[in-house]
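Following: one structure in structure tokens, then a few remarks.
The values are calculated or read from the model by the stated rules, or taken from the named source; none is laboratory data. Quick caveat: nothing in here was measured; it's all calculated off a predicted structure. Positions of Cβ are backbone-derived with ideal geometry, glycine not excepted, and every protein chain shown enters the neighbour counts. The accessibility values were calculated without ligands, DNA or RNA, using every heavy atom of the protein model including side chains. Shrake-Rupley method; radii C 1.70, N 1.55, O 1.52, S 1.80 Å.
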Amino acid sequence: MQPKPVVPREPPKRAPGKKARTPKPLSIPLDAPPAIAAQLKQLQQAFADVCNAIEPTMRATRCWNRVALHHLVYRSLRERFPQLGSQMICNAIHLVSRTCRIIFQSPASPLNIARLGERPLPQMRFAADAPVFFDRHTLSIRNGIVSMLTLDGRIRFRLSISEADEQRFRQERLREILLLSQSDQFLLRFVFAAEGDDAEPPVRKATAAKATAAKAELPEYVVLLDEGATDQVKELGEVA
């Protein structure tokens, strides 16, 4: 008697009209001693410096596609900022690409590329407190201990999290990790993957495009140095 063939199960279908649930981000303040806080501040400044070094090339070429931008700037950035490490350079390119999508592609943005036409892109500057992006290569958590890559190599410190938060790390998939600062307080913001993030690339791109379209405000960590562009934003009432 031959065994019955194994039929793969189809993934559960979402009910028509039912939107995928977007997991709530988790923000955890860091109780960092002065020495570690100083290292985090240096890292944040260096990360912003790299973003500002990318900006002239992005503006001159009008290119903010992450892969194309990577090919344009990666080698020179590695030579200019050897202390930051290759993966953090990649993460800085990601932040510039993501920020430009918000500013130049959001339909409601006053600086949407369709409105700018052939006019030069405005000069942007990333503030010293711009977010720092991490991934699994540059930050990990094990048994409540954070291992983070900084300018001085790996640092380790304990993260105060509840049992419920620990459960989320075990059951949900992380999409990105950001280091943020508010006044003198640092915090880690964990963004978890939403339903559909495991879909085929075209589906993921469409989902990302909708999320970008919803963001029309100028990110708080970016300053426009072009007076004309600043006036244009103010006229349309889009400054946050």
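Here are a few things to note about the model shown:
- Of residues in the stretch 140-169 being within 22 Å of the chain's Cα centre (by Cα) and either among the β-branched types (Val, Ile, Thr) or within 18 Å of Ala48 (Cβ to Cβ) (or both), the one surrounded by the most Cβ atoms within 10 Å (Cβ to Cβ): Met148
- Considering only residues in the stretch 112-132 that are in contact with a Phe, Trp or Tyr (Cβ under 8 Å, 6 or more places away or on another chain) and closer than 26 Å to Met148 by Cβ, the one that is most open to solvent (accessible area, probe 1.4 Å) turns out to be Asp129.
- Any hit, the stretch 98-111, residues being within 18 Å of Asn52 (Cα to Cα), among the aromatic types (Phe, Trp, Tyr) and buried (at least 19 other Cβ atoms within 10 Å of the Cβ): yes
- Residue match in the stretch 170-184 (condition: surrounded by fewer than 12 Cβ atoms within 10 Å (Cβ to Cβ), part of a helix (DSSP H, G or I) and charged (D, E, K, R)): yes
- Looking only at the stretch 185-211, and only at residues there that are assigned to a strand (DSSP E or B) and open to solvent by 60 Å² or more (accessible area, probe 1.4 Å), the one that is modelled with the highest pLDDT: Arg189
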